[in-house]
Structure formats: C-alpha cells, structure tokens
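The values are calculated or read from the model by the stated rules, or taken from the named source; none is laboratory data. Being a predicted model, the structure only gives us computed values, none of them experimental. All Cβ positions, glycine included, derive from the backbone under ideal geometry; neighbour counts span all protein chains shown. Protein only, heavy atoms only, side chains kept; ligands, DNA and RNA dropped before computing areas. Shrake-Rupley method; radii C 1.70, N 1.55, O 1.52, S 1.80 Å.
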Amino acid sequence: MLPLVKTYAEHIDFVHVEIYRNNQTTDVISTVAAWNLGGEPWLFGVDKRGNVHRARLDGAFDRTEMQTLLDDLAKRA
C-alpha cells in the first residue's frame, strides 16, 4: 500500500487501524468481531459520506486489486 499512497494522496486519506488492543496481548478491538473480520489484512474504501465502498479486499491481495479499488474510490471523491 505504501508505494500507492503518494499517487492517490490528493483524493484519498489513508488510515491504518491496528486490530490489537495493545502490543502485549492478542486481544483484538471490538470492530474485528462486529465486522466479522476473520483474518488480516483488509482494505476498505470509505467514501466522503462515510459509506463503506462496495469493494472489500481480504487476505492476500495484489497491487492491481488495490489500484482498482483506489481508482474507483478516487473517482467518487
């Protein structure tokens, strides 16, 4: 993701959310259970109205998949 940030920074704000409550345990934040997130990583696109983008990438995904999601999201910005 990091190599793509500069390309999209004008249209998209990137936010990293750590899933663990702290670095001492494997206790996860409540969102992991609430959103039924069984593993990581994930990539969600959230539009300017706060709606989660129709695409969600889970597990292993490549640069092309990330670019497709980000291109679509940038068009909506």
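Since only Thr26, Pro3, Asn51 are under comparison, the one whose Cα sits farthest along the positive direction of the charge dipole of the chain, derived from C-beta charges on Lys, Arg, Asp and Glu, is Asn51. Against the chain, whose longest principal axis comes from its Cα atoms, helix 63-76 is set at around 70 degrees. Distance between the 7 Å Cα→Cβ label points at Asp62 and Met1: 2.0 nm. Rounded to the nearest 10 square angstrom, Arg76 shows an accessible area of 110 square angstrom against a 1.4 Å probe.
Ignoring ligands, DNA and RNA, what percent of the accessible area of the chain is carbon or sulfur (1.4 Å)?
Working: 2960 of 5930 Å².
Result for the chain: 50 percent of the exposed heavy-atom area is carbon or sulfur.
Quick one: accessible area per residue over the chain, 1.4 Å probe, rounded to a whole number of Å²? Please list the in-between numbers first.
Values: 5930 Å² over 77 residues.
Value returned for the chain: 77 Å² of accessible area per residue.
Short-range pairs are left out: with C-alpha atoms under 8 Å and at least six residues apart, the relative contact order of the chain is 29 percent.
What is the dipole size for the chain, taken about its Cα centre, with +1 at each Lys and Arg Cβ and -1 at each Asp and Glu Cβ, in debye to the nearest 20? Don't skip to the answer; put the middle values down first.
Values: 9 positive and 11 negative charges, 53 e Å.
For the chain, the charge dipole is close to 260 debye.
Look at (i) 38, 26, 20; (ii) 34, 24, 19; (iii) 42, 30, 18: the one that is Cα extents along the principal axes in Å derived from this structure is (i).
A simple count of charges around Val32, restricted to other residues whose Cβ falls under 11 Å of its Cβ and scoring Lys, Arg +1 and Asp, Glu -1, yields -2. Of the GluC sites (Glu not before Pro) found in the chain, those in coil by DSSP whose Cβ has at most 14 other Cβ atoms within 10 Å are Glu10, Glu18. Over the chain, DSSP H runs of length four or greater, each weighted -39,500 (n - 2.57), average out per residue to a 222 nm ellipticity of -9500 deg cm²/dmol.
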